[in-house]
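Okay, so here's the structure we're looking at.
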Amino acid sequence: MNLGVAAMSRTLARARKLMGDPLLVRAGMRLVPTPMAVELQPRLASLLEEARTIVSAAHRKPLSELEMTFTIRAEEAFLILADTINARLAEHVPRMQFRIITRPAEDFQSLREGTVHLDVGEIKKRHPEMKLQMLFRSTSVGVARKDHPLFRSAVTAKKYAAYRHVNASRRGISRTPIDVELEKLSLRRAVALIVPSFQAAILAASNSELIATVPKILTRSAVSLGLRAFQIPVPIMPVTIFQAWHPRYDADPAHRFIRDCVGNACRLMLKN
């Protein structure tokens, strides 16, 4: 805070009076925060970061001169947008390194600490500090080889369940909401293979008679490997995809520009 000991003591005294709480109490040779101070800390950190943003606004470099690494944590399906986003960044922020890491689990702490700048995917756990923007709703489709026996007649739930399937799951899970819907019809499918990614599931389906379930936005990738997409014959709830970030970056021009790039790439994908 750039204050001497005496000035800091007076500031703490004023803060204690204002808040009606000791805020910091002595424990041996050091001071420890009270429960109220601990509760206020995340919110104050956000306010301080916003203040720093305002103060430093006049000293920011133009985007074209900015050198940094921007990290997005995203679902696997997001990778199909990487080229579109990177092309725009190369044009406007040529010195920026664009990095995408996998999204094994939701983790707000990495957003708070700044090790991840943007989180893209299905955001189930909300946090009071989190900023959110909805990008699109994602649906799933089935994919199988064009010559698969499934396509000899209309795809029914009974036919769909009769063939072997490949599941994409980083945690090795075989049961999905599809199985719940099939059970309502007294049907059960056989999941013969579980792989850690959708691309691996697509590859497995292209080399066998397995049926895979993938996000609709990966249809083009599947078709390029000789697969045919079809509507899964049981109800499936769509998944809402968001981008999330910490408030410290809300007004940052570079961060705002990249959020716009992500949003524009998603809109372009949906048009195609």
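Miscellaneous remarks
- The stretch 83-163: C-alpha pair distances exceeding 18 Å, %: 65 percent
- The Cα trace of the stretch 129-265 gives Rg and Dmax of 17.9, 56 Å, the first to one decimal, the second as a whole number.
- Listed candidates (i) 34, 24, 18; (ii) 29, 23, 19; (iii) 49, 24, 14 - label of the one calculated as semi-axes √(5λ) of the Cα gyration tensor in Å: (iii)
- Of every Cα-Cα pair in the stretch 185-257, the percent that sits beyond 16 Å: 64 percent
- Charge dipole of the chain (Cα centre as origin; +1 on each Lys and Arg Cβ, -1 on each Asp and Glu Cβ, all else neutral): 400 debye, rounded to the nearest 20.
- Accessible area (Å², per residue) of the chain, counting only protein heavy atoms and a probe of 1.4 Å: 60 Å²
- Once the chain from Gln133 to His92 is taken as fully extended at 0.36 nm per residue, the excess over their C-alpha distance is 12.5 nm.
- With every protein chain in place, the chain: carbon and sulfur % of accessible area (1.4 Å): 55 percent
- In this rough spin-label picture, where each label sits 7 Å from Cα along the Cβ direction, the Arg220-Met68 distance is 3.0 nm.
- Modelled spin-label separation between Lys146 and Glu183, with each label point placed 7 Å from Cα along the Cα-to-Cβ direction: 3.8 nm.
- Entry for the stretch 57-211 at q = 0.11, 0.12, 0.18 Å⁻¹: log10 I(q)/I(0) = -0.63, -0.71, -1.17, Debye formula applied to identical alpha-carbon scatterers, no solvent contribution.
- Near Ser140: Cβ cut-off under 14 Å, other residues only, Lys/Arg at +1 and Asp/Glu at -1. The net charge is -3.
- Highest-first arrangement of 173-181, 9-17, where packing means the average Cβ count within 10 Å: 173-181, 9-17
The values are calculated or read from the model by the stated rules, or taken from the named source; none is laboratory data. This one's a predicted model, so the numbers in the text were calculated from it and none came from an experiment. Reconstructed Cβ throughout: ideal geometry from the backbone, glycine too, with neighbour counts over all protein chains shown. The area values use the complete protein model at the heavy-atom level, side chains included, leaving out ligands, DNA and RNA. Shrake-Rupley method; radii C 1.70, N 1.55, O 1.52, S 1.80 Å.
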